[in-house]
Structures are given as C-alpha cells and as structure tokens.
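Before any comments, here is the structure.
Every number here is computed from the coordinates shown, using simple stated rules; none is lab data. As the structure is a prediction and not an experimental result, all values here were calculated from the model. Glycine also receives a Cβ, built like all others from the backbone with ideal geometry; neighbour counts cover every protein chain displayed.
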Amino acid sequence: MAQVQQGVRHPDDPEPVESTKIVAARMLAGVGAALSVFVGGAIPAVVALMLARQAEADIRASEGFLLGAARLPGIRRTAWIAIGIAGAVVVAALLVWVLGMARSAGQAPYGGDIA
C-alpha cells in the first residue's frame, strides 16, 4: 500500500495560479466604487459580488491550485461600499426632488394669466 505524504506535490501537478474570477471581481469592484457616485457603479459592483461567490466555490474545489481567497473579503467590502454609495445618491436625489415638489406646491403650474 502506497503512503501519500502531506505537502509533497507530484511533479506533473500544475503550479498554483490566481483565480481569474478574483482578478475580474477585483477590477469590477474598483470600477463600481469609482462610478458609484454616478449610480452606474451599482451594476459592476453586483457583478463583482456574483463573481466573488463563484470564485470562492472554485477555489474551494481546486484543492489549493487556485489562489486568491485572501482577497475575497476586500473585494466584497469594496463592492458593498459601491452599492451603498449608489443607494445613498439615489436617496439624496429623491429627497431633492420631493423637496422641490413641496416648495412648488400651491403655485400655479402655468404662467398664472390663464383663467
């Protein structure tokens, strides 16, 4: 019966590499954070969260041949911050719109010279 030693790799095993989904998720989270002020950053941030979830599953299934699990919390944090900023911008825009509507309440929507 052959004994397998822990920590010894077979010479034909591939070298561990960083997950490409981690790289894509990191870039999308950064783009989402940069564009979050314009509300458009929410879309790349959501895609980054989905890619991070898939990358985590891939890394766990790879048995150590995919790297990048240490970057997942930072990617998720950046994506959620981008979503939060985009949400705050939407709430602020709605608040400005509602206050503008409240200020104009009671005024004639036309020039006032129409009977």
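Between 0 and 90 degrees, rounded to the nearest ten: what's the tilt of helix 42-61 against the longest Cα principal axis of the chain?
That helix lies at roughly 20 degrees to the long axis.
Among A61, A93, A105, which one shows the highest mean-square fluctuation when the chain is modelled as a Gaussian network with alpha-carbon springs under 10 Å?
Of A61, A93, A105, the most mobile in the Gaussian network model is A105.
Mind checking segment 25-115 for chymotrypsin sites (Phe, Trp or Tyr not before Pro) that DSSP puts in a loop (not H, G, I, E or B) and that have at most 10 other Cβ atoms within 10 Å?
Y110
Mind listing the phi-derived Karplus ³J(HN,Hα) values for segment 81-88, rounded to whole Hz, using 6.51, -1.76 and 1.60 with θ = phi - 60°, and x for any glycine or proline?
3J(HN,Hα) across segment 81-88, in whole Hz: 5, 4, 5, x, 5, 4, x, 5.
Please arrange D12, D58 by how many other C-beta atoms lie within 10 Å of their C-beta, fewest to most.
Working: D12 5, D58 16.
Fewest-to-most Cβ neighbours within 10 Å comes out as D12, D58.
Would you look at the GNM of the chain, springs on alpha carbons closer than 10 Å, and say which of L95, L51, L72 moves the most?
Largest GNM mean-square fluctuation: L95.
What is the angle, in °, between the Cα long axis of helix 20-35 and the longest principal axis of the Cα atoms in the chain? Nearest 10 is fine, range 0 to 90.
20
Amide H of L67 versus every other amide H placed in the peptide plane: which residues, excluding those fewer than 5 positions away on the same chain, fall under 5 Å?
V17, E18, S19
Can you compute the charge dipole magnitude of segment 17-103 about its Cα centre, using +1 on each Lys and Arg Cβ and -1 on each Asp and Glu Cβ, nothing else charged? Give it in debye, rounded to the nearest 20.
240
For percent of Cα pairs over 25 Å apart, the choices are (i) 15; (ii) 36; (iii) 50; which was calculated from the structure?
(iii)
Tell me, what is the FRET efficiency for E15 and R53 to the nearest 0.05, using R0 = 25 angstrom and their Cβ-Cβ distance as r?
Computed FRET efficiency for E15 and R53: 0.50.
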